[in-house]
Every structure is written in C-alpha cells, then in structure tokens.
1. Is there a residue being free of Cβ contacts under 8 Å to residues at least 40 places away in the same chain, under 30 Å from D169 (Cα atoms) and surrounded by fewer than 24 Cβ atoms within 10 Å (Cβ to Cβ) anywhere in region 118-132?
2. Given the condition part of a loop (DSSP other than H, G, I, E, B), assigned by TED's automatic domain parsing to the domain that holds L283 and either farther than 23 Å from L236 by Cβ or aromatic (F, W, Y) (or both), answer yes or no: does some residue in region 185-197 qualify?
3. Do the conditions hold for G126, that is, is it away from the ligand (no atom under 16 Å from the Cβ) and assigned by TED's automatic domain parsing to the domain that holds P315?
4. Within region 129-151, can you find the residues that are closer than 23 Å to R244 by Cα and out of contact with any Asp or Glu (no Cβ under 7 Å at 6 or more places or on another chain)?
5. If a residue must be assigned to a loop (DSSP other than H, G, I, E, B) and either of a type in the set (D, E) or at positive phi (or both), how many such residues does region 217-248 contain?
6. So if I check each of L260, L310, which one is in a helix (DSSP H, G or I) and not charged (D, E, K, R)?
Amino acid sequence: MTSSTETTGIVIEPQAEKINLLGLSADKLERFFADIGEKRFRVQQVLKWIHQRGVTEFAAMTDLSKGLREKLGDLAEVRPPELVSQHDSKDGTRKWLVRTDGGECVEAVFIPEKDRGTLCVSSQIGCSLDCSFCATGKQGFNRNLSAAEIIGQVWVAVKSFGGFDERRDRVVTNVVMMGMGEPLMNFDNVVDAMGLMMHDCAYGLSKRRVTLSTAGVVPALDRLGDVTDVSLAISLHAPNNPLRNELVPINRKYPLEILLASARNYLHKLPDTHRKITIEYTLIDQVNDRPEHARELAQLLKELPCKINLIPFNPFPNSGYARVSGNALERFRDILYKQGYTVTVRSTRGDDIAAACGQLAGDFNDLTRRKARHEERYRRNENQPVRMVGFNGS
Ligand code: SAH
C-alpha cells in the first residue's frame, strides 16, 4: 500500500479521512484501486454495487474478496448526502432536500412526464452569478458541491423510487444540471458527476439525456467539449446585450456574440452531427416578452442549430417581477414558430411544493445575507423590475 500518489493526488493513509468512493469517476476509481494494488476490473464491480444496487456497505459487496472488503472498509466509505426531507406534489413532482458535509442543504427535483422522468440536480450551494430573476442567486454563494454531493442527489432520487432493481423500468431517464448553482463554475466536479450519470456501470444514461445548463461562463464552456459530450442548454433570457446585462450580469463579462460563438464551437467538437443546443428563455412580464424581443431573438439565433425552451417566470417573494401573460407567451412563441424554430414551453410543475425553476432553496439558508439585503432593498422600494431596458441596443 502506498501512502500517497502522484497520479491521483489521493493520499491513502490508514488514519487519514476515508475517501468517499461515491463521487469518484471511473478513471479516479481505477487509479484508487491501482494505488492499493488491486486490479482494474474491481472498478466495474464497485461502480455497480454503489450506483446500480445502491449498496453503501463494503461487507455487502459479495463478489469482492473478504480481504479487499476489509481493506476498503479501512480506507474508504460510500457516503451519500443525508436526506432531510422529501415532498411530493399533486402532479407527481418530487423534491428532496439533502444535507451536505458542511451542514447546508441543497435541493433536487424530479419531474415526471409522459415519455420521460427528468431529475433536476444542483451543482453549488447558492450561486455567485446573481441573475436578477433567480431565487438561488438571492441567497449568495457558499461553495461548490463535491462530485459525491452532486451524484449523491441522483443516488438519493433513484433510491427513493425503489430504483436499484434491474428488473424495473427506469424512473429517472434524464438528468439536467438546472438546480441551484452554475455548473460551469464547478467544472471538474460536475464533469466527474456527469461521467457517472452516463457510465454503463453506473446510471447508464445517454449523452443526449444528460444536460448541462449554463448562464454563459465562456472560458469553461470553451473547455467543456474537450472532456464531455453532454447536451448543452444556454440560459439566454434576452436577445440583446443591454437587456441581458441587466438580467444575467455575467453577460457584461462574456457578451452574447462571444457566448454564442462558444456554444457553436461546443457543437463542432461533438463527434456526432445533428446535435442542437437548447436555448432557455425565461419570459418575464413586460421585461423581455414583447414581439420585438421575439423577432430579435429569431434573428440572433439564425446561425445556431438550436431549439428554444420558453420558461414562464416563476415568481418568488420580493422578486419584483411578474409571470408572463398567456397572450404574450403565445405571441412570443408564434413569432419564433413562424421563423422556423422548434419551440417548447416549459409547463410549471410542482407549484405546491415550490419546486419550479428558480424557486429552489429559497428559505432555509441565507448564505451571505444577500437575501436579507435584497429584501431590505425591496422594502425601500429600490428594486423595481427592469422594464424594456435597452431593447435593440437603445
Ligand atoms: N446556472 C444555470 C442553471 C441553473 S437555473 C443556468 O443559469 O443555466 C436553470 C434555469 O432556470 C436557467 O435557465 C435559469 O435562468 C432559470 N430560472 C432561474 N430562475 C427562474 C425563475 N424564477 N423562473 C423561471 N426560470 C428561472
């Protein structure tokens, strides 16, 4: 047994804190086994025990030798995040609150539809990007989730559906990184966790069914295609820079032209053709929902293979914004249709358990007092919604 290794960066010492195998990618697990003098095929066995059978005790991993089970017990553990609560909506949406190592909580949401079951997973505790219409941003940022904490949400969800049984049909068929946080600000851990979602010995989802959603961290997006080929969603929300600067402040650093070029490059790096990017556009009453916005959006996206997902804004206390009206939504959608775009409208699910997009983890943790400051500003009436800021660059 080595006491440390240059290859993995993992320090293996009998008294050291145990390594949580839950979050190790197949590559890292392979290096871990190499470091303790074990064969590669152990990787497949252990991945299956953890992610397909939901086993956390090494003693129960019966196709490993007794010696190896004991060795693993000394050095490692399989520790999912602690489940704090689970809520079921009337419409079948399910939401879990899980506690991470530092005691803070994050949420994951499952949304059943006719032909699929989508799990929405968090990548950070809070978020640093502070998009003006997102409840998570109002909490401030605490820290990145580890790969174990990210894949742990999938583990908890699959387990809660009585998963881990090969004879049953899958309940979770898709995973979207659209919970709390900005996945590209937690690059390595998100890539490792998504690798497990797709690995045949773990959750075995196809790359088309694992989606990373970003507000546009361009340098990280530029690297993403070198290490993965998951589906990509871009949170656009505005068809011009002045308006997007207000709604998605990271746009001031990486404006639309740079972001869309980076998204196109991502598609070019994928080995298969015919992939499309999903453009997410949250429609906010009288902010970004006018016909002019739709036409400008259609023009902006002309060169990008994409489909457009319209998300009616989900209100939260003191947001200062209102949900788009039904008429404005239809008008917006029809303009895009007529220009030949594939457009979907995200139906609001889990309303009764506050499980909708942008509503996650509003109440249990004010991480940096940003939420309190936001409420204070609102009380002083400074936080008026943005109205038609800079349409057409004006
Ligand atoms: N940070 C990532 C993923 C998190 S949010 C991103 O920005 O893509 C997932 C989606 O929900 C994003 O498109 C986000 O802009 C949107 N969203 C956030 N708050 C919302 C709200 N209150 N109503 C509707 N959509 C919201």
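1. No, region 118-132 contains no residue that is free of Cβ contacts under 8 Å to residues at least 40 places away in the same chain, under 30 Å from D169 (Cα atoms) and surrounded by fewer than 24 Cβ atoms within 10 Å (Cβ to Cβ).
2. no
3. no
4. Listed by number, the residues that qualify are D130, C131, F133, C134, A135, T136, K138, G140, F141.
5. 2
6. The unique qualifying residue is L260.
Results for (1) aliphatic (A, V, I, L, M); (2) under 24 Å from Q339 (Cα atoms); (3) surrounded by 16 or more Cβ atoms within 10 Å (Cβ to Cβ); (4) touching a Ser or Thr at 6+ places or on another chain (Cβ under 6 Å), shown as yes or no for each residue.
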position: V217; (1), (2), (3), (4): yes, no, yes, no
position: D226; (1), (2), (3), (4): no, no, no, no
position: L247; (1), (2), (3), (4): yes, no, yes, yes
position: R252; (1), (2), (3), (4): no, no, no, no
position: A263; (1), (2), (3), (4): yes, yes, yes, no
position: L267; (1), (2), (3), (4): yes, yes, yes, no
position: N288; (1), (2), (3), (4): no, yes, yes, no
position: A298; (1), (2), (3), (4): yes, yes, yes, no
position: E303; (1), (2), (3), (4): no, yes, no, no
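Table: residues versus (1) among the β-branched types (V, I, T); (2) more than 16 Å from the ligand (Cβ to nearest atom); (3) assigned by TED's automatic domain parsing to the domain that holds D351.
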residue: H268; (1), (2), (3): no, yes, yes
residue: I279; (1), (2), (3): yes, no, yes
residue: V287; (1), (2), (3): yes, no, yes
residue: Q299; (1), (2), (3): no, yes, yes
residue: F313; (1), (2), (3): no, no, yes
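The values are calculated or read from the model by the stated rules, or taken from the named source; none is laboratory data. What you see is a predicted model, and the numbers here were worked out from it, not measured in a lab. Reconstructed Cβ throughout: ideal geometry from the backbone, glycine too, with neighbour counts over all protein chains shown.
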